[in-house]
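The structure under discussion appears below in the form of structure tokens.
Each value in this text was obtained by applying a stated rule to the coordinates, not by laboratory testing. A quick note: this is a predicted structure, and the numbers were derived from the prediction, not measured. Methodologically, a virtual Cβ is constructed for each residue, glycine included, from the backbone with ideal geometry; neighbour enumeration extends over all protein chains shown.
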Protein chains: 2
Amino acid sequence: MDNWQIVEQDFRLEEALVNETLFALGNGYLGMRGTFEEGLGPAALEGVYINGFYESAPIIYGEKFQAFAENKQTILNLANAKLIRLRIGDEEFSLLSGKLLSYQRLLDLRTGVLRRSLQWESPQGKQIQLEVERLVLHTRRHVALIRYRLTPLNFDGPLTLLSGIDCAIRQSEHAENDPRLGTNFSGKVLRLQHKSFLGQAVVMVAHRTVTTGFTAVCGIRNVLDAPAACQAVDNDVMGFKYQIAARCGQPVTLDKIMVYVASFDAKAEPAVASIQTAEDELDAAAAAGWSALVAEQRDYLADFWDSADILIEGDDALQRGIRFNLFHLLQAVGRDERTNIAAKGLTGLGYEGHYFWDTEVYVLPFFLYTRPEISRDLLRYRYHILDKARQRARQMSHPRGALYSWRSINGEECSANFPTGTAQYHINADVAFAIRRYYDATGDADFMKSCGVEILCETARLWLDAGDFIPSRGGQFCINGVTGPDEYQILVNNNAYTNLMARENLRFAVQMVSWLRQADAAAYHALAEKIALQDAEPDAWREAAEKMYVPYDAERGIIPQDDAFLSKAVWDFAHTPRDHYPLLLHYHPLIVTRYQVCKQADLLLAEFLLHDQFERAQKLRDFAYYEPLTTHDSSLSGAIFGILAAELGDVDKAYRYFAETATLDLENKHGNTRAGIHAANMAGTWQGIVFGFGGMRAHDGLSFNPTIPAQWRAYAFKVRYRGRLLALRVTPDETRIELLSSEAIEVRLNGVPVRLD
Amino acid sequence: MDNWQIVEQDFRLEEALVNETLFALGNGYLGMRGTFEEGLGPAALEGVYINGFYESAPIIYGEKFQAFAENKQTILNLANAKLIRLRIGDEEFSLLSGKLLSYQRLLDLRTGVLRRSLQWESPQGKQIQLEVERLVLHTRRHVALIRYRLTPLNFDGPLTLLSGIDCAIRQSEHAENDPRLGTNFSGKVLRLQHKSFLGQAVVMVAHRTVTTGFTAVCGIRNVLDAPAACQAVDNDVMGFKYQIAARCGQPVTLDKIMVYVASFDAKAEPAVASIQTAEDELDAAAAAGWSALVAEQRDYLADFWDSADILIEGDDALQRGIRFNLFHLLQAVGRDERTNIAAKGLTGLGYEGHYFWDTEVYVLPFFLYTRPEISRDLLRYRYHILDKARQRARQMSHPRGALYSWRSINGEECSANFPTGTAQYHINADVAFAIRRYYDATGDADFMKSCGVEILCETARLWLDAGDFIPSRGGQFCINGVTGPDEYQILVNNNAYTNLMARENLRFAVQMVSWLRQADAAAYHALAEKIALQDAEPDAWREAAEKMYVPYDAERGIIPQDDAFLSKAVWDFAHTPRDHYPLLLHYHPLIVTRYQVCKQADLLLAEFLLHDQFERAQKLRDFAYYEPLTTHDSSLSGAIFGILAAELGDVDKAYRYFAETATLDLENKHGNTRAGIHAANMAGTWQGIVFGFGGMRAHDGLSFNPTIPAQWRAYAFKVRYRGRLLALRVTPDETRIELLSSEAIEVRLNGVPVRLD
């Protein structure tokens, strides 16, 4: 089987929801779940999303305390433009009735085309052949396409095709007691604001949200290649019904262009302009024609794969798995500085379409080293919401600085459970670290001057107010009352990850303020004036960094995850039934937090990110201590363990972690892929190759320490770094590094400097 | 001014809400806010409550985790039977119009009668004299009375009296962001199930809740002493309108008997039986007549005061304050084993009518040493909900034992914010401690056999599962991940109060199991079989108690409130504006918990309760350390500080704390008395006298170490102990102890044994 293709060979109703996620298409702006054109009744979870298009409502608390997040933001399921219903005589085509004679669904990762082929026999014995192709264009973010080709196999007779927009939109309900799904809206949240019909082809509808005042315009244009009687349909479904006298063996093709245009301007009456845009996009796409659009998409993806592809020789399943992951990351990522990448991409309502630290720590490196302009857009999103972070800091009584919200779309805090939400102050340091990485890999001084240094200053300021120099700790700088990445240890003191990353935040802020002062005095003074930066502030940050407290347990020689971790009993893994994982769905948070048990990598993540600040022996001891305590109940865990295992020389273990994560969604290993992909894990698998097996580290220079699993013949990847494009190919015998761009560069390979030119 | 009387001399609209609370009447079953018969429009917060009469609804969470409390329970405001509207010609009597020529409201604590006297001139110049008396009978828990006497002062003419039941019931809204008020119901939660009119006097209505299926029957009977044309009224108000040709100077009197009967049986169709009960109660009260009912009430209260009164000579304000508090405690306390004492008594919707640990630690001693049968009823309530506590333990994954809910009415956990709710496991030990106190003071072996030992076993079992023997703490028994009484330090490890009180729980369980085994082998075996008690269990409890970890800071010589407390910075009190208290209304819980700052006594409370387990020097150091860190943002704080100050010899300080707490509600010192009284603080003031200045301690014998504030000439109180009634009178010169019952007893006075006979 082609390892560029994801193929479903049989239709199984019980796998329909998961497959809707896997076969979802998107372009970072628009996302469509892989539901069928004809629907699947209540068995389907229809979903069309625009990145950042949400409705808001007050969060209801049984007991509401000061500065609790006020409003939720939930991404919305929009009108469904994919709808095409087929009637053969008086029989409705549906996979839930009749007989499926053959079936295949295929997602081609090179072309970005989703193709479904099937032969179906109606209850009355009429047979048809159906070929459906679908694309969501990367080249035209508002546009998606369907080509629907139908052939009667054993009859002549009347057919009816209904192609329209389904406005009976359901914001899906979530399962009980799974906090990962969040609270979606249950009622009708989109109000029809406009509808229009043009000729026998075009329908345009506009919906508006009540509270946020966003408008989503959805339009379609049908082109049928057969003579037909046409009738407009105007109810929940708005579209056209085509009556066709079909002939046995003669295909009928319906080309459907779909557009989605959002306006986020709540003040204006935006429908007019957005409808105009939608009409223009429809016209332009129609003028270009199917073949040209398909070619656009293929070319765009060819360019993407040219630098992003990872080659694994000797393991088709993992090869396919990692490509699938990278394909979905591209589909999910916002590229307009105003949107970001949701935890579930644009494939489901899980986590309400929120952006988390996942972006900075998990997703960003993939784009940074393959499509750095996208990583810049992601960081500019953080700059765009910096004012919201300043406001959040004030709400939290911090007189200075900025505190990024734990989860949000527009930047305002939306976490309704502060012990695993607002308490995760580490997000500030994660953003700062991403900026450090970005600057290291791009040398983009303009970004640092216009955005980066300002974020660094504001996040550094916050640490100074969140922590204190504690006398009983010898005056060291302690950060109490936070939750680290490991959400099984809530409201802890001196979470090692947080303290280490905050120290890096403080240090880098000091360094970059100093840089700015020297590199561009005018820019420095402008910034200093804008944020009232005092000369003494960086000195204070330096002092806090120098005196940062990092817990250490001399007896065991390990770094405790937090002050209290080692004073807890170890979780009774032996008596925890297999079906009691993930623990968060089976134990109250209070119970879990009383024990040494981790949901995900926490300290180990810091030891990976800040790799040059720890001795190898330290990492070995810490890895050995924490691995048995970690449930990997978070999909963010395995990739990091795999990377560290590779660094520490246990390639077999690294392989097992990689294999587990590479097909996490494709094989629905966490059991909840129906609610959407796990974007952070997908990016983690890229890191597993590049940082893990490839041993790439980048901080003041690029280095590689490649290893290769015994199962593979070779693997290869490319990275962009400071304007260069490098290609690595690793086999059991050798590592070849090739410079694909002109300017020379020196890297370290297995500790040895290598000059590439 | 008589220090048995609470008097309001002027009507001030801005004090109306607070006064409604202060002049509330109740009998532990029925409670009525002190609103006016004629109402006060939206300025009033009408409130009639039956203890334990609540509606339930799912608690809504933005993110709901496993074992979060499922349903809220909120006490309901019932139909208002107090309503009497007066029209003089075409003018409606209201304190919001016309002119108030004189006004006085007086609550007589000896007779339990609330009397309002006023002269009022209508906008058109008609003057009336109004005298209204109101009682809620302690002797007939369903019955309340109003005598409404009206005299035209300067006119003859038509009057209309409307006396009925107002069924337009509002469940009051709460102020934003005050978690202490909880979420009340906003819609209509009581459904009219029955209404009937009898003659020209009796109206009966029944309302039923939807979810809990409770029924509240409310009836009235009007008796007018003047000829009148009568007309039934049947709208939101159901009652009778009496038209009277009034004569100048001739009083008209309306006697109104009110009954409230609740049925908590959701299965039966209970209205019939309850209506019958209500009719019987109305008939019986009418047959007894006003004077006899008033006499009943007076006699009941005389008996109450005979043992409960506290005498303070030389300070009328505090004398009145403490009597007011004790009066309200009697009004609030449930006496039927199925209800308890709500945090706000039956005077408001604050804290939703929930029962907390307040009962066991604050309220119970007052009743135990004055009306021990009431304290037994309170403890039997805990036995009654023991099965709910067992269920809660299972929900929390504890395989054995019982975990009392932090806040509830029917025993199921209702706390919607687990860091300050479910995390307060100490409630288990508080219940156990109350049982220890009860047994010590009463010797009630029957209670121990039927209820007490079973509760002790189940709570002890829970501690064994909640804590662990921690190797890194030398195998000591640690309890991690709890919140102590001080809710400003959330989710801490080894909260000293919790560990100390859990140790006592374990020890007392061991002791009483051993006692039961010897005292009544059959009872022991029955219990052992019922709860599957293994012989080895008490040994395990003993071991956990012996190895209980209690934090200690050798450098400062103090007991840290928890493992992390001393590693935090001290709260910046100097820069906290006065209006930023209570901190919980101005800072996110995360911010507060990062600092050494206490909402209330925590460790110090344990040092008071377990007084004989600490050296005096230890208590002195701890008091000196914690006092400056305590904001007393909880009304439960001051009393305990006062008691310890007295014990430690600082009588001036003890006096200041006492004075602060004694009039906390009367002077609305916490600014929220409008939402209801602070029952625990009221009981704390009794403790302030008896345990504080009186220095009484009772554990294996009774002792007194009296002191007296310089401001007082004398104080006196009585205590019941093991069937005896003792009277103490303390002056600056001497302490007199008198035995008022027959059986001899030995007590210790200032450390010296004294035999009383």
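Remark on B:Tyr721: its backbone amide H falls under 5 Å from those of B:Leu726, a criterion applied only to residues 5 or more positions apart or on other chains, H modelled at 1.01 Å from N.
Taking amide H positions as modeled 1.01 Å from N, with prolines and chain starts lacking one, the residues under 5 Å from A:Ala714 and 5 or more places away or on another chain are A:Glu313. Simple point charges give the picture: +1 on the Cβ of Lys and Arg, -1 on the Cβ of Asp and Glu, and for segment A:699-757 a dipole about the Cα centre of about 180 debye. Expressed as a whole percent, the proportion of Cα-Cα pairs in chain A lying more than 42 Å apart is 31%. 3J(HN,Hα) along segment B:648-655, derived from phi through the Karplus expression 6.51 cos²θ - 1.76 cosθ + 1.60 where θ = phi - 60°, amounts to 8, x, 9, 5, 4, 5, 4, 5 Hz, with x in place of Gly and Pro. Ranking A:Phe65, A:Met512, B:Val143 by Cα position along the charge dipole of the protein assembly as shown, where only Lys, Arg, Asp and Glu carry charges on their C-beta atoms, puts B:Val143 farthest toward the positive end. When B:Asp612, B:Asp336 are arranged by Cβ crowding within 10 Å, least crowded first, meaning fewest neighbours, the order is B:Asp612, B:Asp336. Computed over Cα pairs, the Kirkwood radius of segment B:195-295 leads via Stokes-Einstein (0.890 mPa s, 25 °C) to a diffusion coefficient of 163 µm² per second.
Phi angles across segment A:360-370 convert, under the Karplus curve 6.51 cos²θ - 1.76 cosθ + 1.60 with θ = phi - 60°, into 3J(HN,Hα) values of 5, 8, 9, 7, 4, x, 4, 6, 4, 9, 10 Hz, Gly and Pro given as x. Basic side chains Lys and Arg get +1 at the Cβ, acidic Asp and Glu get -1 at the Cβ, and with that the dipole of the protein assembly as shown about its Cα centre reaches some 1160 debye. Mind checking the angle between helix A:271-288 and chain A's longest principal axis? C-alpha axes, 0 to 90 degrees, to the nearest 10. That helix lies at roughly 70 degrees to the long axis. Inter-copy label distances for A:Leu96: 5.6 nm (label point placed 7 Å from Cα along Cα→Cβ; shortest first). Cβ-to-Cβ counts within 10 Å put B:Thr661, A:Thr111, B:Thr731 in ascending order as B:Thr731, A:Thr111, B:Thr661, the fewest first. Normalised by the number of residues in segment A:242-337, the mean separation of alpha-carbon contacts (under 8 Å, six or more apart) gives a relative contact order of 15 percent. Extending 7 Å from Cα along the Cβ direction at A:Asp225 and again at B:Thr139 yields two label points whose distance is 9.9 nm. Determine, from the Cβ-Cβ distance of B:Val754 and A:Ala317 and an R0 of 60 Å, the FRET efficiency 1/(1 + (r/R0)^6), rounded to the nearest 0.05. After rounding, the FRET efficiency stands at 0.10.
Panel order for A:Lys547, A:Lys99, B:Lys82, by other beta carbons found within 10 Å of each beta carbon, from fewest to most: A:Lys99, A:Lys547, B:Lys82.
Only Cα pairs under 8 Å and at least 6 apart count here; give the relative contact order of chain B as a rounded whole percent. Over chain B, the number comes to 12 percent. For B:Lys669, inter-copy separations between label points set 7 Å beyond Cα along the Cβ vector come to 6.2 nm, shortest first. Relative to the current alpha-carbon distance between A:Asp440 and A:Ser291, full extension at 0.36 nm per residue lengthens the span by 49.5 nm. Built from the Cα atoms of the protein assembly as shown, the convex hull projects on average onto 63.6 nm², one quarter of its surface area.
Evaluated with a Cβ-only charge set (Lys, Arg +1; Asp, Glu -1), segment A:97-218 carries a dipole of roughly 380 debye about its Cα centre, given to the nearest 20. Taking the longest Cα principal axis of chain A as reference, the axis of helix A:536-546 is set at about 80 degrees.
Each residue of segment A:625-642 was assigned a 3J(HN,Hα) from its phi angle through the Karplus curve 6.51 cos²θ - 1.76 cosθ + 1.60 (θ = phi - 60°); the sequence is 6, 7, 4, x, 8, 9, 8, 6, 5, 8, 6, 8, 8, x, 4, 5, 4, x Hz, with glycine and proline shown as x. Along the axis of the charge dipole computed for chain A (Cβ charges of +1 for Lys and Arg, -1 for Asp and Glu, origin at the Cα centre), the listed residues A:Leu739, A:Ala292, A:Val205 are led at the positive end by A:Val205.
What separates the A:Ser472 label point from its copies, with the point 7 Å along Cα to Cβ, is 1.7 nm, written shortest first. On the beta carbon distance between B:Glu743 and B:Ala521, with R0 = 25 Å, the FRET formula returns roughly 0.30.
Inter-label distance, A:Leu101 to B:Ser514: 8.7 nm, where each label sits 7 Å from its Cα along the C-beta direction. Remark: relative contact order (segment B:175-261) = 24 percent; criterion is Cα-Cα distance under 8 angstrom and separation of 6 or more residues.
Between the Cα long axis of helix B:426-442 and the first principal axis of chain B there is an angle of about 80°, rounded to the nearest 10. Which cross-chain or sequence-distant (5 or more) residues have an amide H under 5 Å from the amide H of A:Arg748, H modelled 1.01 Å from N in plane? Hits under the 5 Å cutoff: A:Leu702, A:Ser703, A:Phe704, A:Val754.
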